[in-house]
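The values are calculated or read from the model by the stated rules, or taken from the named source; none is laboratory data. It should be emphasised that the depicted structure is a prediction, and the values quoted were computed from it without experimental measurement. Glycine also receives a Cβ, built like all others from the backbone with ideal geometry; neighbour counts cover every protein chain displayed.
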Amino acid sequence: MPDLSGMTLEEALRALEEHQLSHAILDTTSYNPNFAYQTVIEQIPASGSFVKQARKIYLSINRSGYKMTQVPFVVGKTLRQAQPALRSAGFTVGKLTYKKYIAKDEVLSMKFRQRNLEQGDQLPLTSIIDLELGDGTGGFEIEALDRDSPLHSSYRKRDTL
């Protein structure tokens, strides 16, 4: 039995034909980054095994990439809660940027390749997700009313009633 590992599907089929063996392709459910797209990552029986002519050889073919998975929506959570949630789902936490906001380390937004992520978005496993966090220095800004504005005079009238 020849070693088909790492061969393209076309090369593997030619090798099987030369040895007068048939084939069946197993579900391509896994992705292995060490192999190119559409190459053989596993064969049954294994290479080096003695097989009779016309025996069916089962091939597992590498997918084009990691499967798409729903990203846990961590906006509103703390960094301490967000990191393990993203990691356990198979994602990588990337760049952390801080923005003026009242709550320190609260996740304000999630981004993948500069694009904001929304609830329900799906990405390939191992994708790098950047987080924008509150820096804890922000507060609420109250805009002062101009004394000559109509709003200011209506408030002043209420005070005198």
| request: Using the structure shown, decide if Glu18 is surrounded by 12 or more Cβ atoms within 10 Å (Cβ to Cβ), at pLDDT 85 or above and of a type in the set (Asp, Glu). | output: no
| note | Of the residues in segment 28-63 that are closer than 13 Å to Gly6 by Cα and in contact with a helix residue (DSSP H, G or I) (Cβ under 9 Å, 6 or more places away or on another chain), the one that is modelled with the lowest pLDDT is Gln38
| Is it the case that Tyr37 is touching a residue at least 60 places away in the same chain (Cβ under 8 Å), in a loop (DSSP other than H, G, I, E, B) and at negative phi? | no
| task | Could you give me the residue pairs with C-beta distances under 7 Å whose first residue belongs to segment 7-24 and is part of a strand (DSSP E or B), whose second residue is aromatic (Phe, Trp, Tyr) wherever it lies, and which are 6+ apart or on separate chains? | result | Ala24/Tyr58
| request: Report yes if some residue within segment 95-106 is in contact with a helix residue (DSSP H, G or I) (Cβ under 7 Å, 6 or more places away or on another chain), among the acidic types (Asp, Glu), modelled with pLDDT of 95 or more and not assigned by TED's automatic domain parsing to the domain that holds Pro33; otherwise report no. | output: yes
| note | Counting only strands (runs of 3 or more DSSP E) wholly inside segment 46-122, the ones holding at least 2 residues that are touching a residue at least 24 places away in the same chain (Cβ under 8 Å) and closer than 30 Å to His19 by Cα are 56-61
